[in-house]
Structure formats: structure tokens, C-alpha cells
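The values are calculated or read from the model by the stated rules, or taken from the named source; none is laboratory data. What you are looking at is a predicted structure, and each value in this text was computed from that prediction instead of being measured. Neighbour counts are summed over all protein chains in view; Cβ atoms, including those assigned to glycine, are modelled from backbone coordinates with ideal geometry.
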Amino acid sequence: MEPIAYVNGAFVPLSEAKVSILDRGFLFADGIYEVAAVLDGKLIDNASHLARLERSVGEIALALPESIERIQEIQKELVKRNNLVNGMVYLEVTRGADTGRDFAFPKGVKPTLIMFTSVKDIVNAPSARTGIDVITVPDLRWARRDIKSVALLAQVLAKQAAAEANAGEAWMIEDGKVTEGGSSSCFILTQDDVIVTRQNGSEILPGCTRKAVVKLAEERQLRIEERAFSVEEALAAKEAFITSATVFVQAVVSIDGKKVGNGKPGPMTDRLREIYVDFAKATAV
Ligand code: PLP
């Protein structure tokens, strides 16, 4: 069966899902996206993703074409129509297609809303057991990384460099500190068992998985510090890991070819992954 996508009010076969060449998402990257995981046919931490969507569109003065409640209904309908068990729902909203290409916001143009799904067994992904290698690259992005904009060229280049190095992620570096991964938040566990992850701010995307993991760790009285860290500190750490909607919690076993800890996923990473999977299953909608 051909996958079904959603485009501006209609559920259509993926091959027929089209938007205009004048769409501002295409011309200017004038749009916002979100990705929510699906486990056992249910959306994971979706309220958090939709809250971030509302915040992101607010920051660029883009009005959603549907209510948040309706967007969740569409997400669920799409999961159902695709018989999706495990994977993710991608959604994107752009400032729509005007009659030409003017930078300033168009008047009377309806925003574009599209969604599609993809299949991934996140819980049983092989890299969850083995961990991943990461490389480091300079962070080339703009100054409002807290907005989940579809302008992802810097991440495309970063993740292509990672792919060419057979690495699973690229960690982006600015002023000697790790900002975040190409599509993930970064964590380390120091030798004295403090979990460190960079504080939120305009330098990084406020990861939904990061937020949940920090809260789950705090609830268990684990020590957490939200501050920037360097690659040297990560290499001297006991463990390192990344979080995102599409990997949950994933061990990082080397950085630029140098081992982190003993070069294997560590017990704290494994524990946080289990805790997150339990939380995901218990709160899925
Ligand atoms: N940081 C960046 C730059 C991302 O693109 C992503 C996800 O795509 C994340 C962090 C992780 O965010 P989340 O946990 O909400 O998926």
C-alpha cells in the first residue's frame, strides 16, 4: 500500500502530495517543523512537541492554519491510515504560497500544513545496543536555533560529513563548546556522576526528549547540571549520549575517533534509555 500523506486538508497518496513552487517553505525556508515518535501506534510526548510548535510559529509570527487539537487529530488519523506501528510523524507548516516571490509576509495567504509518516523501530534499533560514533564540526547556524525552522542546511552539511565518516551524528561546536547534535541534544556523565547538558537558550533547540530526560532524572534524584561543555570534557567523561524524538536516548561511544569511557554504552545511558522508554509508553496518546 502506498503511504498516505496529509496536505492542506486532504489525505492523499504520498506520490500525489504536492505544494506550489511558490511555497515560502521552498523559496525562503519560511516554515517550522516538528517530529513526534510513534510507538505501538501512539504518539510519544506529543503535547511537548505541539507546545514547541506553537512557540516556534509564534516566534516567526506565523498563524497555524488549524488548532493544536485539530493538528493532533490529523496526526492520529495519519498514523491510522498508514497502519503505522513504530516510527514517526513529520509535520511542517509554512507561510504558504503567494503569487510571486516577495520577502515580506504576504497578505491573505493561507499557511501550508503537510504531514507524512515514516517507519522506524526506535526501541529495537541496533545502534541503541552498540552506541554511535560522532564527529565534530563547526556550528554554522543562525542565531535563533531555539526556533525549529526548516532552514537546515548547516545540519545537512554536518550530517553528510558524519555519514562520510561512518559516524551516527555530528556534534556542532561553537566557541570551544558543544552546542548540540545535527538533530539531537548532547549529554555527558562526568567522572563524579553528574549528568551535564547544555542549558536552553537561543544557541540550541529546546529538545523535547532532553526536557523529559532532565525531568525524569531529577525525579530520581540524579545529579543534573545544565551548562555548556567542551569536547575535551566529553572525552574525559564516563559516558556520553544524545537524545531526540527519533532515537530516544542513544549512547555515544567515540568522538572524532577517540573512545568515550570504555568505548561501550554505559550503565547510566542504558538506565536513562529504559526510564525514557517506560515514560514514553506510559504517556503515549
Ligand atoms: N537539536 C536539534 C538541532 C534537532 O534537530 C533535534 C531534533 O530534531 C533535537 C535537538 C532533539 O529534539 P527532540 O528531542 O525534540 O527531538
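Mind listing whichever residues of segment 244-258 are in a loop (DSSP other than H, G, I, E, B) and either within 19 Å of E233 (Cβ to Cβ) or free of Cβ contacts under 8 Å to residues at least 60 places away in the same chain (or both)? Within segment 244-258, D256, G257 qualify. Residues in segment 57-71 that are surrounded by fewer than 16 Cβ atoms within 10 Å (Cβ to Cβ), assigned to a helix (DSSP H, G or I), within 20 Å of the chain's Cα centre (by Cα) and not acidic (D, E): G58, I68. In segment 72-88, is there at least one residue being touching a residue at least 60 places away in the same chain (Cβ under 8 Å), within 13 Å of the ligand (Cβ to nearest atom), under 19 Å from A17 (Cβ atoms) and crowded, with 18+ Cβ neighbours inside 10 Å? Within segment 72-88, one or more residues are touching a residue at least 60 places away in the same chain (Cβ under 8 Å), within 13 Å of the ligand (Cβ to nearest atom), under 19 Å from A17 (Cβ atoms) and crowded, with 18+ Cβ neighbours inside 10 Å. Listed by position, the strands (runs of 3 or more DSSP E) contained in segment 102-183 that have at least 1 residues being of a type outside the set (D, E) and surrounded by fewer than 15 Cβ atoms within 10 Å (Cβ to Cβ) are 112-119, 132-138. For the structure I just gave you, tell me whether L43 is touching a strand residue (DSSP E or B) at 6+ places or on another chain (Cβ under 7 Å) and either closer than 21 Å to A151 by Cβ or surrounded by 17 or more Cβ atoms within 10 Å (Cβ to Cβ) (or both). The answer is yes for L43.
Would you confirm whether or not segment 261-271 contains a residue that is touching a residue at least 40 places away in the same chain (Cβ under 8 Å), crowded, with 22+ Cβ neighbours inside 10 Å and not in a loop (DSSP other than H, G, I, E, B)? Yes; the residues of segment 261-271 include at least one that is touching a residue at least 40 places away in the same chain (Cβ under 8 Å), crowded, with 22+ Cβ neighbours inside 10 Å and not in a loop (DSSP other than H, G, I, E, B).
Are any of the residues in segment 189-196 among the hydroxyl-bearing types (S, T, Y) and either assigned to a strand (DSSP E or B) or within 26 Å of V119 (Cβ to Cβ) (or both)?
Scanning segment 189-196 turns up no residue that is among the hydroxyl-bearing types (S, T, Y) and either assigned to a strand (DSSP E or B) or within 26 Å of V119 (Cβ to Cβ) (or both).
Filtered by the rule that a residue be in a helix (DSSP H, G or I), over 15 Å from the mean Cα position of the chain (by Cα) and within 16 Å of the ligand (Cβ to nearest atom), segment 24-54 gives a lone residue, E54.
Among the residues of segment 272-285, those that are surrounded by fewer than 18 Cβ atoms within 10 Å (Cβ to Cβ), β-branched (V, I, T) and part of a helix (DSSP H, G or I) comprise V277, T283. Take the conditions (1) part of a strand (DSSP E or B); (2) touching a helix residue (DSSP H, G or I) at 6+ places or on another chain (Cβ under 8 Å); (3) farther than 25 Å from G25 by Cβ; A212 misses just one of them, which is (1). Restricting attention to segment 121-132, does a residue exist that is in contact with a strand residue (DSSP E or B) (Cβ under 7 Å, 6 or more places away or on another chain) and among the polar types (S, T, N, Q)? Yes.
So which residues in segment 130-187 are among the hydroxyl-bearing types (S, T, Y) and closer than 19 Å to Y90 by Cβ? Full working, then the answer.
Of the residues in segment 130-187, the ones among the hydroxyl-bearing types (S, T, Y) are 130, 136, 149, 179, 183-185.
S149, S183, S184, S185, listed by residue number.
The rows are residues; the columns are (1) within 14 Å of the ligand (Cβ to nearest atom); (2) in the same structural domain as C186 (by TED's automatic domain parsing); (3) in contact with a Pro (Cβ under 8 Å, 6 or more places away or on another chain).
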site: P111; (1), (2), (3): no, no, yes
site: V137; (1), (2), (3): yes, yes, no
site: A154; (1), (2), (3): yes, yes, no
site: A165; (1), (2), (3): no, yes, no
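Take A240 and tell me if it is within 16 Å of the ligand (Cβ to nearest atom), closer than 19 Å to L216 by Cα and in contact with a Cys (Cβ under 9 Å, 6 or more places away or on another chain).
When the stated conditions are applied, A240 passes them.
Of the candidates D192, D278, D256, the single residue that is in contact with a Ser or Thr (Cβ under 6 Å, 6 or more places away or on another chain) and more than 11 Å from the ligand (Cβ to nearest atom) is D256. Looking only at residues in segment 197-233 that are closer than 22 Å to G168 by Cα and away from the ligand (no atom under 16 Å from the Cβ), the one that is surrounded by the fewest Cβ atoms within 10 Å (Cβ to Cβ) is E232.
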